[in-house]
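Here is the structure we will look at.
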Amino acid sequence: MSLMFLLVLLACLAVLGLAAIRPDDFTISRSISVKAAPEQIFPLINDLKAMNSWNPFVQSDPNIKLDYSGPAAGTGARCDWVGNGQAGAGNITITESRPSSNAIMQLNMLRPFAGQNVVTFSLAPSGGTTRVTWSMTGASTDLSKLMGLIMNMDKMVGGSFEKGLGDLKARAER
(Lines give C-alpha, C1' and ligand atoms only; values in the text may rest on other atoms or scores of the structure.)
Protein backbone atom coordinates (compact mmCIF):
# COMPACT_ATOMS: atom_id res chain seq x y z
CA MET A 1 0.00 0.00 0.00
CA SER A 2 1.19 3.43 -0.80
CA LEU A 3 1.63 6.14 1.78
CA MET A 4 -0.94 8.32 -0.01
CA PHE A 5 -3.58 5.57 0.20
CA LEU A 6 -2.93 5.13 3.93
CA LEU A 7 -3.22 8.88 4.54
CA VAL A 8 -6.52 9.05 2.63
CA LEU A 9 -7.82 6.00 4.52
CA LEU A 10 -6.83 7.54 7.88
CA ALA A 11 -8.47 10.84 6.95
CA CYS A 12 -11.70 9.04 5.99
CA LEU A 13 -11.67 7.08 9.22
CA ALA A 14 -11.08 10.27 11.22
CA VAL A 15 -14.04 12.01 9.53
CA LEU A 16 -16.30 9.00 10.14
CA GLY A 17 -15.12 8.87 13.75
CA LEU A 18 -15.91 12.55 14.28
CA ALA A 19 -19.36 12.09 12.76
CA ALA A 20 -20.02 9.04 14.95
CA ILE A 21 -19.46 10.96 18.18
CA ARG A 22 -21.87 13.79 17.26
CA PRO A 23 -25.14 13.91 19.27
CA ASP A 24 -27.91 11.47 18.35
CA ASP A 25 -30.56 14.22 18.59
CA PHE A 26 -30.76 17.86 17.56
CA THR A 27 -32.73 20.93 18.57
CA ILE A 28 -32.93 24.14 16.60
CA SER A 29 -34.72 27.02 18.29
CA ARG A 30 -35.24 30.74 17.75
CA SER A 31 -37.38 33.31 19.58
CA ILE A 32 -38.72 36.80 18.99
CA SER A 33 -40.69 39.35 21.03
CA VAL A 34 -43.93 40.43 19.39
CA LYS A 35 -45.94 43.49 20.46
CA ALA A 36 -49.23 41.59 20.39
CA ALA A 37 -51.25 39.38 22.68
CA PRO A 38 -50.96 35.59 22.29
CA GLU A 39 -54.60 35.57 21.14
CA GLN A 40 -53.61 37.68 18.12
CA ILE A 41 -50.56 35.57 17.24
CA PHE A 42 -51.87 32.05 17.81
CA PRO A 43 -54.28 31.97 14.82
CA LEU A 44 -51.32 32.77 12.53
CA ILE A 45 -49.68 29.53 13.70
CA ASN A 46 -52.58 27.21 14.51
CA ASP A 47 -54.11 27.58 11.02
CA LEU A 48 -51.66 26.04 8.52
CA LYS A 49 -52.93 28.20 5.64
CA ALA A 50 -52.28 31.31 7.72
CA MET A 51 -48.91 29.92 8.82
CA ASN A 52 -47.87 29.26 5.24
CA SER A 53 -48.46 32.93 4.41
CA TRP A 54 -45.32 33.75 6.45
CA ASN A 55 -43.52 30.37 6.51
CA PRO A 56 -40.11 30.93 4.84
CA PHE A 57 -39.88 27.31 3.71
CA VAL A 58 -43.10 27.69 1.69
CA GLN A 59 -42.22 31.21 0.55
CA SER A 60 -38.95 29.93 -0.96
CA ASP A 61 -40.86 28.26 -3.82
CA PRO A 62 -43.45 30.28 -5.77
CA ASN A 63 -44.55 27.09 -7.57
CA ILE A 64 -45.04 24.93 -4.46
CA LYS A 65 -48.13 22.71 -4.49
CA LEU A 66 -49.99 22.72 -1.15
CA ASP A 67 -52.79 20.33 -0.18
CA TYR A 68 -54.67 20.90 3.08
CA SER A 69 -56.74 18.26 4.85
CA GLY A 70 -58.40 17.73 8.20
CA PRO A 71 -59.84 20.60 10.21
CA ALA A 72 -59.08 24.18 9.13
CA ALA A 73 -57.04 24.76 12.30
CA GLY A 74 -55.89 23.00 15.44
CA THR A 75 -55.25 19.35 16.18
CA GLY A 76 -55.49 17.22 13.04
CA ALA A 77 -54.93 20.06 10.55
CA ARG A 78 -52.51 18.84 7.89
CA CYS A 79 -50.63 20.26 4.92
CA ASP A 80 -48.87 18.14 2.30
CA TRP A 81 -46.52 19.88 -0.13
CA VAL A 82 -44.41 19.21 -3.18
CA GLY A 83 -41.91 21.87 -4.12
CA ASN A 84 -38.54 22.53 -5.67
CA GLY A 85 -35.22 21.33 -4.28
CA GLN A 86 -35.20 23.86 -1.44
CA ALA A 87 -38.81 23.31 -0.31
CA GLY A 88 -38.66 19.60 -1.01
CA ALA A 89 -41.70 17.45 -0.30
CA GLY A 90 -43.40 16.29 2.85
CA ASN A 91 -46.23 16.97 5.24
CA ILE A 92 -46.90 18.61 8.58
CA THR A 93 -49.74 17.84 10.98
CA ILE A 94 -50.76 19.69 14.13
CA THR A 95 -50.71 17.02 16.84
CA GLU A 96 -51.43 19.24 19.83
CA SER A 97 -52.97 22.68 20.06
CA ARG A 98 -53.31 24.73 23.25
CA PRO A 99 -54.97 28.05 22.33
CA SER A 100 -52.72 31.06 22.80
CA SER A 101 -50.07 28.86 24.44
CA ASN A 102 -48.48 26.38 22.02
CA ALA A 103 -48.88 24.25 18.92
CA ILE A 104 -46.97 21.02 18.39
CA MET A 105 -46.59 19.58 14.89
CA GLN A 106 -45.25 16.41 13.33
CA LEU A 107 -43.05 17.24 10.34
CA ASN A 108 -42.37 14.43 7.88
CA MET A 109 -39.85 15.30 5.18
CA LEU A 110 -39.75 13.08 2.11
CA ARG A 111 -37.14 15.02 0.15
CA PRO A 112 -34.55 16.38 -0.29
CA PHE A 113 -33.78 14.24 2.78
CA ALA A 114 -36.18 11.96 4.62
CA GLY A 115 -36.74 12.81 8.27
CA GLN A 116 -39.33 12.98 11.01
CA ASN A 117 -39.13 15.93 13.38
CA VAL A 118 -41.28 17.63 15.99
CA VAL A 119 -41.95 21.33 15.52
CA THR A 120 -43.15 23.40 18.48
CA PHE A 121 -44.39 26.97 18.62
CA SER A 122 -44.61 28.36 22.16
CA LEU A 123 -46.14 31.68 23.15
CA ALA A 124 -45.27 33.30 26.49
CA PRO A 125 -46.87 36.66 27.36
CA SER A 126 -44.76 39.23 29.18
CA GLY A 127 -46.25 42.66 29.80
CA GLY A 128 -47.39 44.06 26.47
CA THR A 129 -45.38 41.59 24.38
CA THR A 130 -45.39 37.88 23.65
CA ARG A 131 -42.24 35.79 23.34
CA VAL A 132 -42.75 33.42 20.38
CA THR A 133 -40.37 30.46 20.18
CA TRP A 134 -40.10 28.21 17.12
CA SER A 135 -38.27 24.93 17.83
CA MET A 136 -37.58 21.75 15.92
CA THR A 137 -36.24 18.54 17.43
CA GLY A 138 -35.41 15.19 15.91
CA ALA A 139 -32.99 12.33 15.57
CA SER A 140 -29.64 12.93 13.90
CA THR A 141 -29.11 10.30 11.23
CA ASP A 142 -25.63 9.12 10.28
CA LEU A 143 -25.90 11.19 7.10
CA SER A 144 -26.93 14.34 8.99
CA LYS A 145 -24.08 13.83 11.47
CA LEU A 146 -21.64 13.60 8.56
CA MET A 147 -23.16 16.64 6.82
CA GLY A 148 -22.96 18.53 10.11
CA LEU A 149 -19.18 18.38 9.92
CA ILE A 150 -19.20 20.65 6.86
CA MET A 151 -22.52 22.53 7.15
CA ASN A 152 -23.91 24.35 10.17
CA MET A 153 -27.52 23.14 10.14
CA ASP A 154 -28.42 25.24 13.20
CA LYS A 155 -27.30 28.37 11.37
CA MET A 156 -28.99 27.40 8.09
CA VAL A 157 -32.35 26.32 9.49
CA GLY A 158 -32.16 28.85 12.34
CA GLY A 159 -31.74 31.63 9.80
CA SER A 160 -34.99 30.55 8.13
CA PHE A 161 -36.69 30.43 11.54
CA GLU A 162 -35.50 34.00 12.21
CA LYS A 163 -36.86 35.21 8.86
CA GLY A 164 -40.19 33.49 9.46
CA LEU A 165 -40.51 34.85 12.97
CA GLY A 166 -39.78 38.33 11.63
CA ASP A 167 -42.58 37.94 9.07
CA LEU A 168 -44.92 36.55 11.75
CA LYS A 169 -44.11 39.56 13.96
CA ALA A 170 -44.86 42.00 11.13
CA ARG A 171 -48.25 40.35 10.50
CA ALA A 172 -49.22 40.13 14.18
CA GLU A 173 -48.27 43.74 14.91
CA ARG A 174 -50.41 45.21 12.10
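Looking for something without any contact (Cβ under 8 Å) to a residue 40 or more places away in the chain and in contact with a Ser or Thr (Cβ under 6 Å, 6 or more places away or on another chain) - is there at least one such residue anywhere in region 124-136? Checked against the condition, which is being without any contact (Cβ under 8 Å) to a residue 40 or more places away in the chain and in contact with a Ser or Thr (Cβ under 6 Å, 6 or more places away or on another chain), region 124-136 yields no hits at all. In region 69-80, the residues that are closer than 9 Å to ASP47 by Cα form Cβ pairs under 8 Å with partners that are of a type in the set (D, E, K, R) and not in a loop (DSSP other than H, G, I, E, B), at six or more places apart or across chains, as follows: ALA72/LYS49. Being surrounded by fewer than 16 Cβ atoms within 10 Å (Cβ to Cβ), modelled with pLDDT under 95, within 18 Å of the chain's Cα centre (by Cα) and of a type outside the set (Asp, Glu), is that true of even one residue in region 68-81? Checked region 68-81: no residue is surrounded by fewer than 16 Cβ atoms within 10 Å (Cβ to Cβ), modelled with pLDDT under 95, within 18 Å of the chain's Cα centre (by Cα) and of a type outside the set (Asp, Glu). Pairs are defined by a Cβ separation below 6 Å, a sequence spacing of at least 6 or placement on different chains, a first member in region 108-119 that is in contact (Cβ under 8 Å) with a residue 12 or more places away in the chain and closer than 13 Å to ILE92 by Cα, and a second member that is exposed (fewer than 13 other Cβ atoms within 10 Å of the Cβ) and not hydroxyl-bearing (Ser, Thr, Tyr); the pairs so defined are ASN108/GLN116.
How many residues, within region 89-103, are free of Cβ contacts under 8 Å to residues at least 40 places away in the same chain and either in a loop (DSSP other than H, G, I, E, B) or closer than 21 Å to SER135 by Cβ (or both)?
Matching residues across region 89-103 total 7.
Of the residues GLN116, GLN86, GLN106, which is surrounded by fewer than 14 Cβ atoms within 10 Å (Cβ to Cβ), assigned to a strand (DSSP E or B) and on the phi < 0 side of the Ramachandran plot? It is GLN116. Could you tell me which residue of region 31-46 is surrounded by the fewest Cβ atoms within 10 Å (Cβ to Cβ), considering only residues that are outside any helix (DSSP H, G or I) and touching a Gly at 6+ places or on another chain (Cβ under 8 Å)? It comes out as LYS35.
The values are calculated or read from the model by the stated rules, or taken from the named source; none is laboratory data. Everything numeric here is computed off the predicted structure, so don't read it as measured data. Ideal geometry is used to build each Cβ from the backbone, glycine not excepted, and the neighbour counts take in all protein chains shown.
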